[in-house]
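Notes for the one structure printed next.
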There are 2 protein chains.
Amino acid sequence: MINSDRRLVEQQMKIALIGAGRVATNLAKAFVARDMPIVEVWSRTRASAEALVGQLHELSPQGQCTCKAVWGRVEDVCTDADLYIIAVKDDALATVAQALHPGRESALIVHTAGSMSMSVITDTGHERSGVFYPMQTFSKEREVDFSCVHFFVEAVAPADETLLSEMAFSLTQNEDFVHHSTAALRRRLHLAAVFACNFLNHCCTLSAEILKEDGLDFSVMLPLVDETVAKLHQLPPREAQTGPAIRHDDKVTGLQQAMLAHHPELQKIYTLLTNSIQRYD
Amino acid sequence: MINSDRRLVEQQMKIALIGAGRVATNLAKAFVARDMPIVEVWSRTRASAEALVGQLHELSPQGQCTCKAVWGRVEDVCTDADLYIIAVKDDALATVAQALHPGRESALIVHTAGSMSMSVITDTGHERSGVFYPMQTFSKEREVDFSCVHFFVEAVAPADETLLSEMAFSLTQNEDFVHHSTAALRRRLHLAAVFACNFLNHCCTLSAEILKEDGLDFSVMLPLVDETVAKLHQLPPREAQTGPAIRHDDKVTGLQQAMLAHHPELQKIYTLLTNSIQRYD
């Protein structure tokens, strides 16, 4: 990547952020921390737009960040930004893109969703469309370390795809974490991510439910969870498996199944996952 | 804990380890690293008994560890140890305990299994019985850091329970990680651990299966897994949940379900876990 390109990304391109949720919040903070100019943040409600803009101003005490809050109608967002990043709920994406297109025909408009096609933007008639998908779990409570986030980018125009790749690189500083991706691949990545993140987390929720009945807090399981995940950095998950299911210890799996008799839903999950583990033996 | 007690545990008590698998290997190494005298390691096969003993001797280059390898009949294990720790497969436990009892009536005999009752030892007629359960996932490839392992101990005699607690404390150096536990509680902990460890790991196996179809390695998911688990150190798992299921994003969950049409087993797991996440909303 040559320096002039990076300067373009980092200093000159005016970015408007459409959304003030988890993804938008984490992206906006990362952009401001790297002196990339966010000119506006839009949210449906005044409170959330102003809350995020307040956080961004705090991040730049010398006042470099002149970002404004906009709320209500998407049409009221400035028309002179170079890049519009739509980070709203999947089912609001089409409507927001539709409202954004008129008057901003020459700008690049992208969304950040894993399972949505780029066509949600091109369908509005917009030419310079793209996708900028950071594959990570975002929460308002934690600041995501973008140096560990894989980005999957896509754009109609090759030049725009380069620009999005450079922007991703500005955030991760790691070329191995910047990927081109079609909608089909991104959808499959998102599906795999649901298993590795949401379902993984839910196994912990169910574990916490079991412990709750004995008045125990889930924190007692954290060393076990940490070690399980540490192992995944050394071994493929299939080889890392331990426990009664993979040992085909029918006595213990039978006992554990019986212990869940009063929780038919948990019991069903237990049986299904136990059988599935044994199928990958 | 008074010093004289700890000296008793750390220097004088002769320990025989029955088993040379994952739990036995990790425990034995930790004992030797703390100068606790392992006098014998027994395994069914000569190769595995000698392999573990070889590792232990390597850990004590000044020859403090005089541990011997024994194999074949459990009856051939020395009769003069103070503590016998049985770390074998659950379904071999009863037979091993039965063979061990005669001639070792005055010793403390314990097992390390989460889901087995202490009665598997008391049923042999042995008086000084106990359980020493380290709640962790053990592999031969990784050395477990015992300072992060919760121990659940139980014994017929209160003095033996104290002794096992002290032994656990010697390994963890953290009183918050040493717990008394009945068989019933231990069984429930083990069940909760299956969800938080084995099922969690299996979600990653399934994620890896999905990625494999696109020629992608599971390592692409590791930053996501790490962040998901880092979040669990801050929030209860139920509150930490993200993704299409908890957002009730039926369009995406419907799409992802359809994507698994050629994997009926994965599809079943997807549906069950998605519904379960929504039930805990």
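Over the whole of B:210-221, what's the average partner chain Cβ count within 10 Å per residue? Rounded to a whole number, please.
Whole-number average of other-chain Cβ neighbours for B:210-221 is 5.
Need one word for the range A:202-281: rounded, prolate or oblate. Basis is the Cα gyration tensor (sqrt eigenvalues a ≥ b ≥ c); a/c below 1.5 gives rounded, then a/b vs b/c decides.
Since a/c reaches 1.5 but b/c is at least a/b, the shape of the range A:202-281 is classed as oblate.
Evaluate the relative contact order of the range B:189-279 (contact order divided by residue number), counting alpha-carbon pairs under 8 angstrom at least 6 apart; express in whole percent.
18 percent
Considering the alpha-carbon set of the protein assembly as shown alone, what are its Rg and its Dmax in angstrom?
Computed over the Cα atoms of the protein assembly as shown, radius of gyration and Dmax are 28.1, 92 Å.
All other residues with a Cβ under 9 Å from the Cβ of A:V53 taken together, and with Lys, Arg as +1 and Asp, Glu as -1, what is their net charge?
-1
Hey, which lysines would be in cross-link range of A:K68, C-alpha to C-alpha under 25 Å, not counting anything within fewer than 8 residues on its own chain?
A:K14, A:K29, A:K89, A:K140
Could you size up the charge dipole of chain B around its Cα centre, putting +1 on the beta carbon of Lys and Arg and -1 on that of Asp and Glu, and report it in debye to the nearest 20?
280 debye
Work out, in µm²/s and without decimals, the Stokes-Einstein translational diffusion coefficient of the range B:136-281 at 37 °C, 0.692 mPa s, Rh from Kirkwood over C-alpha pairs.
It diffuses with D of about 178 µm²/s by this estimate.
Per residue, how big is the convex hull of the range A:1-117 when only Cα atoms are used? Give it in Å³.
110 Å³
Any chance you could give the angle, 0 to 90 degrees and rounded to 10, that helix B:200-212 forms with the longest Cα principal axis of chain B?
Around 50 degrees separate the two axes.
Provide, as a two-decimal number, the C-alpha radius of gyration of the range B:54-209 over 2.2 N^0.38 Å, N being how many residues it has.
Scaled against compact globular proteins, the figure is 1.13.
Send over the Kirkwood Rh of chain A, from the inverse of the averaged 1/r over different Cα pairs, rounded to one decimal Å.
That comes to 21.2 Å for chain A.
Express the relative contact order of chain B as a whole percentage, based on alpha carbon pairs under 8 Å and six or more residues apart in sequence.
Across chain B, relative contact order equals 12 percent.
Output the antiparallel fraction of DSSP beta bridges having both residues in the protein assembly as shown, as a percent to the nearest 5.
20 percent
What percent do you get for the relative contact order of the range B:57-177 when only Cα pairs under 8 Å and 6+ apart count?
Taking the mean separation of contacting Cα pairs over the length of the range B:57-177, I get 17 percent.
Determine the calculated [θ] at 222 nm for chain B from helices alone, applying -39500 (n - 2.57) to every DSSP H run no shorter than 4 residues and normalising by the residue count; nearest 500 deg cm²/dmol.
-13000 deg cm²/dmol
Considering the convex hull of the alpha carbon atoms of the range B:164-247, report its projected area averaged over all viewing directions, in nm², one decimal.
If you wrap the Cα atoms of the range B:164-247 in a convex hull and average its projections, you get 8.1 nm².
For the charge dipole of the range A:138-195, defined by +1 on Lys and Arg C-beta atoms and -1 on Asp and Glu C-beta atoms about the Cα centroid, which residue among A:Q173, A:A159, A:H190 has the Cα displaced farthest towards the positive pole?
The Cα lying farthest towards the positive end belongs to A:H190.
Under a Cβ-only charge scheme (Lys and Arg +1, Asp and Glu -1), can you give me the dipole magnitude of the protein assembly as shown about the Cα centre, in debye to the nearest 20?
In debye, rounded to 20, the protein assembly as shown gives about 540.
Coordinate-derived values only; no laboratory data. Here the structure is a predicted model, which is why all the values come from computation and not from measurement. Cβ: placed from backbone, ideal geometry, glycine included. Neighbour counts: every protein chain shown.
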